[in-house]
1. Do the conditions hold for GLN2, that is, is it of a type outside the set (Lys, Arg), exposed (fewer than 11 other Cβ atoms within 10 Å of the Cβ) and at pLDDT below 95?
2. Among the residues of the stretch 5-15, count how many are exposed (fewer than 10 other Cβ atoms within 10 Å of the Cβ) and outside any helix (DSSP H, G or I).
3. For the stretch 16-66, give me the residue count where each residue is surrounded by 11 or more Cβ atoms within 10 Å (Cβ to Cβ) and either in a helix (DSSP H, G or I) or modelled with pLDDT under 95 (or both).
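The values are calculated or read from the model by the stated rules, or taken from the named source; none is laboratory data. All values reported here derive from a predicted model rather than from experimental measurement. Here the Cβ positions follow ideal geometry from the backbone for every residue, glycine too, while neighbour counts run over all protein chains shown.
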Amino acid sequence: MQVQISEGAYNEVKHASNLLGFNEQDIVERAIVVYLDIIQKQVELKKEFQEWDELSDEALDNFEGAL
């Protein structure tokens with residue numbers, strides 16, 4: 001698979017490669033893995049907030065029903 005990135009992003013990868021001593025391919029692959037992990041955690045957090053919101057609505061309905 002081939003992916004194209006902007007010149008600015010490539011320059012940052014190249015700079016990080018020189019600074020850290022990793023090859024550019026490793027840096028890009030690690031960045032993608034970290035990014036995907038962050039996205040997955042955000043999706044899970046959003047789902048958890050939605051579940052809490054639904055529970056809150058249910059608790060409010062139960063409270064109002066008990067009045």
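1. Details: of a type outside the set (Lys, Arg): yes; exposed (fewer than 11 other Cβ atoms within 10 Å of the Cβ): yes; at pLDDT below 95: yes.
Yes, satisfied.
2. As a first pass, look at the stretch 5-15 and keep what is exposed (fewer than 10 other Cβ atoms within 10 Å of the Cβ): 6-8.
If we keep only those that are outside any helix (DSSP H, G or I) too, we end up with 6.
Qualifying residue count, the stretch 5-15: 1.
3. 10
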